[in-house]
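Asker: Structure incoming, see below.
The values are calculated or read from the model by the stated rules, or taken from the named source; none is laboratory data. What you are looking at is a predicted structure, and each value in this text was computed from that prediction instead of being measured. Glycine also receives a Cβ, built like all others from the backbone with ideal geometry; neighbour counts cover every protein chain displayed. Calculation scope for accessible area: heavy atoms of the full protein, side chains included, ligands and nucleic acids excluded. Shrake-Rupley method; radii C 1.70, N 1.55, O 1.52, S 1.80 Å.
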Amino acid sequence: MIFTRSEQEIMRMKRSGTIVAEVHELMRQHIKPGITTKELDELAENHIRSYGAEPAFKGYGGFPASICSSINHQVVHGIPGNVRLAEGDIISIDTGAQLEGYFSDAAKTYPVGKINSEAQELIDVTKQSFYEGLKFVREGFRLSDVSHAIQTYAENHGFSVVRNYVGHGIGTAMHEEPQIPNFGLPGKGPRLKKGMVLAIEPMINAGSYDVHVLSDGWTVVTDDGALSAHYEHTVAVTEDAPEILTVC
Ligand code: MG
């Protein structure tokens, strides 16, 4: 079932979301050539815990860290480690927090130093595809109207939409119903209702949409080795414009 949340619950999710947004601001400040993804993870975990919140990803299904750090052709679920970022890389950071029982989740792809124009376009189109989907996060639209808008925008720019991983409802668990594909025909699925809270997260590839999981059991990479980018916010359906909860 798809939950609808009271205004009070959404306020609590927004407090959790603010922490996640601050972590992204920290990431933006620290992502530079030479830093390791483990150092980024420590910054994120310390920031989340400084509020008495819990890093939502750490221990989830056995995941060992507070951020997913996915570099270049890595799509999602990369594990932080001793790899140092290099000039020209792109890195997707996905992170979540749980505060007083309420979850929030957001992802962004960052440039490391100076990147080439194709990588920048992929980042920009991925972000904008989220905002194209967001236009349909309103009462009365159906869930796949969001999916279709994301897919249409990304494909019109020559990129492909990952099929194997999707967005999700979020609230008192990190992953709730419904699943939110970033592709599909419009006019299908549940009608959106005030109080639904959705983590919408296009994962967009520069090459084909086929992906596989590395032998570490987590890291998802593109089959063709082409770049991938990710953009996600936790969003509440209201009676008017949608409210992004992962902002500071
Ligand atoms: Mg998510």
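Asker: Taking each pair of different alpha-carbon atoms in the stretch 81-186 once, compute 1/r for the pair, average those values, and report the inverse of that mean as the Kirkwood hydrodynamic radius in Å to one decimal.
Answerer: Taking every pair of different Cα atoms in the stretch 81-186, averaging 1/r and inverting gives 15.4 Å.
Asker: Per-residue counts of other Cβ atoms within 10 Å, averaged by peptide: what ranking do you get for 57-63, 242-248, highest first?
Answerer: Highest-to-lowest ranking by the protection proxy: 242-248, 57-63.
Asker: Kindly write out, for the stretch 157-174 in residue order, the coupling ³J(HN,Hα) from the Karplus curve 6.51 cos²θ - 1.76 cosθ + 1.60 (θ = phi - 60°), rounded to whole Hz, with x marking Gly and Pro.
Answerer: These are the phi-based 3J(HN,Hα) values: 9, x, 9, 10, 9, 4, 9, 7, 10, 9, x, 6, x, 8, x, 8, 9, 5 Hz.
Asker: Same structure again: Using the beta-carbon distance between residue 194 and residue 25 and R0 = 30 Å, what value does 1/(1 + (r/R0)^6) give for FRET efficiency, to the nearest 0.05?
Answerer: Working: r = 29 Å, r/R0 = 0.97.
The calculated FRET efficiency here is 0.55.
Asker: With a Förster radius of 45 Å, plug the Cβ-Cβ distance of residue 239 and residue 163 into 1/(1 + (r/R0)^6) and report the FRET value to the nearest 0.05.
Answerer: Calculated transfer efficiency: 0.85.
Asker: What number, rounded to the nearest 500 deg cm²/dmol, is the helix-based mean residue ellipticity at 222 nm of the chain, given -39500 (n - 2.57) per DSSP H run of at least four residues and division by all its residues?
Answerer: Helix-only estimate at 222 nm: -9500 deg cm²/dmol.
Asker: Moving on to the next point. Counting only protein heavy atoms and a 1.4 Å probe, tell me what percentage of the chain's accessible area is made up of carbon and sulfur.
Answerer: Of the solvent-accessible surface of the chain, carbon and sulfur hold 50 percent.
Asker: Working out 0.36 nm times the residue gap between residue 11 and residue 152, then minus their Cα-Cα distance, what length gain in nm do you get to one decimal?
Answerer: 47.5 nm
Asker: At 0.36 nm per residue, and after removing the present C-alpha to C-alpha distance, how many nm does the segment from residue 100 to residue 87 gain when stretched out fully? Display every interim value, and only then the final one.
Answerer: On the way: separation 13, 0.36 × 13 = 4.68 nm, distance 3.90 nm.
Full extension from residue 100 to residue 87 adds 0.8 nm.
Asker: Here is a further query. Give the long-range amide H neighbours of residue 104: residues separated by 5 or more places, or on another chain, with amide H under 5 Å away, using H modelled in the peptide plane at 1.01 Å from N.
Answerer: Placed amide hydrogens put 97 under 5 Å from residue 104.
Asker: Mind pulling up the Rg/Rh value for the chain? Radius of gyration and Kirkwood radius, both on Cα.
Answerer: Answer for the chain: 0.95.
Asker: Find the centroid of the Cα atoms in the stretch 135-165 and in the stretch 4-23, then give the distance between the two in whole Å.
Answerer: A separation of 24 Å, based on Cα centres.
Asker: Right, something else. On a 28 Å Cα-Cα criterion, which of the cross-link pairs 58/135; 114/135; 127/188; 135/188 come out too long?
Answerer: 58/135; 114/135
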